[in-house]
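Read through the structure below, which is laid out as structure tokens, and then see the notes.
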Amino acid sequence: TADKRASGNIILVGMMGAGKTTVGKLLARQLGKTFIDSDEEIQRRTGVTIPHIFDVEGEAGFRVRESSVIQELLDANDIVLATGGGAVLNAQNRLLMRQHGVVVYLKSNVHDLWQRTRHDHNRPLLQTANPRAKLQELYDLRDPLYMEAADIVIHTGKQSVQILLERLQHKL
Ligand code: S3P
């Protein structure tokens, strides 16, 4: 709708390791918009790390904080918002994202996601015996939800982030 475009907001969704933060920062700079990362915002507000929130409040507690931060941020204009990989699990988040901006799904295959997250220790959901299987499980569950939320799908692969940005700008 005209409304969501008028907001000037661009919302990036996709799995952990899809490149939402990297792409979002560069896109915001190129378009002269403000970049916000929902995980960063949660950490800034609480003064603790995401793994700490998972430890103390569990995933459920984190999701409540995440939804409230995202829904508040969507009142803004001219932002590029990188959301956490699980933000689309909440139906209200999906609806509000669609209403308040152009939603871009950075779609990557599980192999690439695994390569890009295997050395990270700040993603509690991947602190498991078999993180690759976990990524596959999350992907199967979430891909339909990302697709539902998205106005634009960008496949990420081996190409440079600059090429990816050009392809995205072309579709915006
Ligand atoms: C999560 C993704 C993370 C962070 C949290 C949970 C998920 O964000 O919100 O660890 O459920 O996929 P990134 O997608 O930025 O890694």
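What does the helix-only formula give at 222 nm for the chain: each DSSP H stretch with n ≥ 4 adding -39500 (n - 2.57), the total divided by the residues, and the result rounded to the nearest 500 deg cm²/dmol? Helix-only estimate at 222 nm: -18000 deg cm²/dmol.
Sites listed here are GluC sites (Glu not before Pro) in segment 9-71 whose DSSP assignment is loop and whose Cβ has at most 10 other Cβ atoms within 10 Å, and the list is empty. Segment 152-172 and segment 1-34 have Cα centres spaced 12 Å apart.
Reported to the nearest whole Å, the Cα centre-to-centre distance from segment 50-77 to segment 116-133 is 20. Placing +1 on the Cβ of every Lys and Arg and -1 on the Cβ of every Asp and Glu, with no other charges, gives segment 84-172 a dipole of roughly 140 debye about its Cα centre.
Counting lysine pairs in segment 2-171 that sit 8 or more residues apart in sequence, or on different chains, and whose Cα atoms lie under 19 Å apart gives 13. With both labels modelled 7 Å from their Cα along Cα-to-Cβ, the Ala60 to Asp75 distance reads 2.8 nm. Under the simplified labelling scheme, the His170-Val48 pair shows an inter-label distance of 4.6 nm, with each label point 7 Å from Cα along Cα→Cβ. Charges were assigned to the Cβ only: +1 to each Lys and Arg, -1 to each Asp and Glu. The resulting dipole of segment 2-171 about its Cα centre is roughly 480 debye. Along the axis of the charge dipole computed for segment 2-171 (Cβ charges of +1 for Lys and Arg, -1 for Asp and Glu, origin at the Cα centre), the listed residues Gly85, Met15, Ser160 are led at the positive end by Ser160.
Rule-based calculations on the coordinates, nothing more; no lab input. Predicted model only: the values in this text are computed from it and were never measured. Don't worry about glycine lacking a Cβ; one is built from the backbone with ideal geometry, like all the others, and counts go over all protein chains shown.
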